[in-house]
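*Asks:* The following block contains the structure, expressed as structure tokens.
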């Protein structure tokens with residue numbers, strides 16, 4: 001088992017949790033929830049999201065204190081359910097990191113554009129036009145710096161963010177805000193909006209799982225991990241509610257301004273400098289999250305590769321820097337792809353999708369381990385067992401499916417994409433288990449058949465027997481595709 | 001044996017490239033990147049069917065191509 005020196009006390013453990021939770025999400029996720037879903041009801045939504053997060057984190061406290069090892073959730077689930085479920089949960093955790101990193105890249109471009117709108121307004125249109133290129137550049141710069149083993153931003157940034165947010169809230173109170181209706185009207189539409197905003201803003205909280213990833217470095221883990229998780233969970237709730245309250249008090253939900261909510265509020269409260277400061281903070285937070293997510297995704301797929309679920313090429317390290325460059329680049333390609341799509345709302349839901357499924361699995365693992373390993377040493381026990389983990393499973397699944405019933409088109413897109421990617425993950429698992437020779441024969445046969453079918457389809461289309469299947473693709477392209485399929489299939493079949 | 005190795009590698013690489021093209025085209029269709037849906041107009045009444053076919057053929061080709069490439073390096 002991989003062991004590291006345990007050197008983090010309670011204070012550093014809380015900082016670790018806060019550094020995961022205080023991130024770019026507040027700069028980007030608040031907008032859609034405020035302007036489109038709940039208005040000032042977003043404050044209540046943040047309170048609900050914080051409480052649900054706290055409920056789920058109670059299970060993390062028990063499992064993290066009992067198993068403070070490398071792997072975090074993957075380890076807990078593997079202990080409870082064994083390989084297959086652990087593989088599936090690892091895939092979801094990986095997907096959440098990929099979508100989170102893509103969202104961070106998109107957030108960076110938003111803040112970057114806003115930053116230039118303040119200092120060089122004539123450049124704003126130019127930068128907006130090149131957003132996809134900026135995303136490609138920053139993802140690969142971070143991938144390369146990750147490969148070179150560049151150190152991440154430290155605790156100083158966490159302190160800087162907390163200080164900045166406290167200054168914003170305090171100045172906002174003295175500046176004066178419009179009356180904010182924290183409790184929404186009792187109309188069903190308002191309550192549904194608050195619930196949708198709860199789901200949508202939930203990713204702002206669950207970054208504190210970073211503490212679990214660093215559990216292997218925590219001193220006296222039985223005591224410090226539960227305290228660290230609970231303290232960071234409690235501290236983050238008033239901080240985010242304060243930010244949203246001031247934002248809602250300064251910017252009306254009816255405003256159709258293209259700037260992000262917090263940046264706009266900071267500009268109005270603190271002036272031009274405030275806008276610049278928040279844009280800069282947003283950029284730093286996004287880049288920090290992008291770097292962290294790229295590292296996390298690479299550690300997840302390396303873990304699964306180590307357990308032989310994924311190709312061992314992912315474990316290969318750079319001969320000069322000793323970093324897992326294949327795993328990092330693999331993730332970077334996916335992050336770039338989803339980042340270039342650039343739909344914030346879609347990425348927000350998609351990042352939640354993977355995490356919520358993992359939360360459900362972690363809570364189920366707690367239930368199973370309590371039943372099957374009752375004598376396991378548990379320095380912390382989840383209160384109100386079994387209601388707490390059952391509520392954790394229920395809330396995770398409810399938050400997963402409810403946006404669909406609320407008719408949110410972004411949620412539908414994220415859920416269908418999530419299901420598609422899950423199918424891909426399960427197919428990967430099956431293909432790994434089936435063995436290469438059998439796979440080669442099966443895929444070769446399928447390709448040969450598909451190739452012959454494609455050639456036949458072109459022939460039948462040309463003779464007018466059937467209408468063209470892809471009317472916008474010339475027949476010679478389909479014919480070329482078919483010939484390559486048949487030839488490659490034949491080669492694999494006869495290997 | 002050397003010719004077989006070269007043929008396998010060449011076909012594998014071409015197939016992987018066509019697979020990536022098919023997958024990329026599927027994504028362009030689904031997410032309407034570069035305004036593909038609009039520019040192809042009425043031909044896209046069966047959008048989901050086309051995306052599904054492209055995805056299936058794309059992944060199948062990709063796996064097949066990658067196996068061929070790996071296989072070509074292992075031919076003795």
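The values are calculated or read from the model by the stated rules, or taken from the named source; none is laboratory data. It should be emphasised that the depicted structure is a prediction, and the values quoted were computed from it without experimental measurement. Note that we place each Cβ from the backbone using ideal geometry, even for glycine, and neighbour counts take in every protein chain shown.
*Asks:* Could you say which residue among A:298, A:293, A:352 is under 26 Å from residue A:435 (Cα atoms) and in contact (Cβ under 8 Å) with a residue 12 or more places away in the chain?
*Replies:* So the residue among A:298, A:293, A:352 that is under 26 Å from residue A:435 (Cα atoms) and in contact (Cβ under 8 Å) with a residue 12 or more places away in the chain is A:298.
*Asks:* Quick one: count up the residues across the range A:234-250 that are buried (at least 24 other Cβ atoms within 10 Å of the Cβ) and over 21 Å from residue A:160 (Cβ atoms).
*Replies:* Count: 1.
*Asks:* Here's something else I'd like to know. Condition first: more than 10 Å from chain B (Cβ to nearest Cβ) and either exposed (fewer than 15 other Cβ atoms within 10 Å of the Cβ) or not in a helix (DSSP H, G or I) (or both). Now tell me which residues in the range A:454-474 satisfy that.
*Replies:* Step one: list which residues in the range A:454-474 are more than 10 Å from chain B (Cβ to nearest Cβ), which gives A:455-467, A:474.
Result: A:456, A:459, A:460, A:462, A:463, A:464, A:465, A:466, A:467, A:474.
*Asks:* Can I ask one more? Please work out which one of (1) surrounded by 14 or more Cβ atoms within 10 Å (Cβ to Cβ); (2) away from every other protein chain (no Cβ under 12 Å); (3) at pLDDT below 80; (4) more than 30 Å from residue A:483 (Cα to Cα) is the condition residue A:419 fails and give its number.
*Replies:* Every condition holds for residue A:419 apart from (1).
*Asks:* For the range A:211-225, how many residues are touching a helix residue (DSSP H, G or I) at 6+ places or on another chain (Cβ under 6 Å), surrounded by fewer than 20 Cβ atoms within 10 Å (Cβ to Cβ) and closer than 29 Å to residue A:46 by Cα?
*Replies:* So the count comes out to 0.
*Asks:* Please find, within the range B:45-54, the residue that is modelled with the highest pLDDT out of those that are within 16 Å of residue B:22 (Cβ to Cβ) and more than 8 Å from chain A (Cβ to nearest Cβ). Write out each step before concluding.
*Replies:* At the first step, the residues of the range B:45-54 found to be within 16 Å of residue B:22 (Cβ to Cβ) are B:47-54.
Pick out the ones that are also more than 8 Å from chain A (Cβ to nearest Cβ) and you get B:47-49, B:51-52, B:54.
Working: B:47: 78, B:48: 78, B:49: 80, B:51: 84, B:52: 83, B:54: 88.
Filtering the range B:45-54 for residues that are within 16 Å of residue B:22 (Cβ to Cβ) and more than 8 Å from chain A (Cβ to nearest Cβ), the one modelled with the highest pLDDT comes out as B:54.
*Asks:* Condition first: part of a helix (DSSP H, G or I), surrounded by fewer than 18 Cβ atoms within 10 Å (Cβ to Cβ) and at pLDDT below 85. Now tell me which residues in the range B:60-75 satisfy that.
*Replies:* Once the filter is applied, which keeps residues that are part of a helix (DSSP H, G or I), surrounded by fewer than 18 Cβ atoms within 10 Å (Cβ to Cβ) and at pLDDT below 85, the range B:60-75 yields B:70, B:73, B:74.
*Asks:* Just one of B:24, B:57 is at pLDDT 85 or above and more than 9 Å from chain A (Cβ to nearest Cβ); which is it?
*Replies:* B:24
*Asks:* Here's a follow-up. Give the residue, chosen from A:91, A:61, that is closer than 22 Å to residue A:399 by Cβ and at pLDDT below 85.
*Replies:* Working: A:61 fails: at pLDDT below 85.
After applying the criteria, what remains is A:91.
*Asks:* Quick one: what pairs do we get from the range A:123-139, first residue closer than 17 Å to residue A:100 by Cα, second surrounded by fewer than 15 Cβ atoms within 10 Å (Cβ to Cβ), C-beta under 9 Å, 6+ apart or different chains?
*Replies:* A:139/A:333
*Asks:* Hey, among A:252, A:259, which residue is on the phi < 0 side of the Ramachandran plot, touching a helix residue (DSSP H, G or I) at 6+ places or on another chain (Cβ under 7 Å) and assigned to a loop (DSSP other than H, G, I, E, B)? Quick ask: steps written out before the conclusion?
*Replies:* Details: A:252 fails: touching a helix residue (DSSP H, G or I) at 6+ places or on another chain (Cβ under 7 Å).
Sole residue among the options that is on the phi < 0 side of the Ramachandran plot, touching a helix residue (DSSP H, G or I) at 6+ places or on another chain (Cβ under 7 Å) and assigned to a loop (DSSP other than H, G, I, E, B): A:259.
*Asks:* Would you check which residues across the range A:460-493 are touching a residue at least 12 places away in the same chain (Cβ under 8 Å) and more than 28 Å from residue B:10 (Cα to Cα) and list them?
*Replies:* Taking the range A:460-493 first, the residues touching a residue at least 12 places away in the same chain (Cβ under 8 Å) are A:461-462, A:469, A:475, A:478-479, A:481-493.
The answer is A:461, A:462, A:469.
*Asks:* Might you let me know whether the range A:191-204 holds any residue that is outside any helix (DSSP H, G or I) and at pLDDT 75 or above?
*Replies:* No - not one qualifying residue is present in the range A:191-204.
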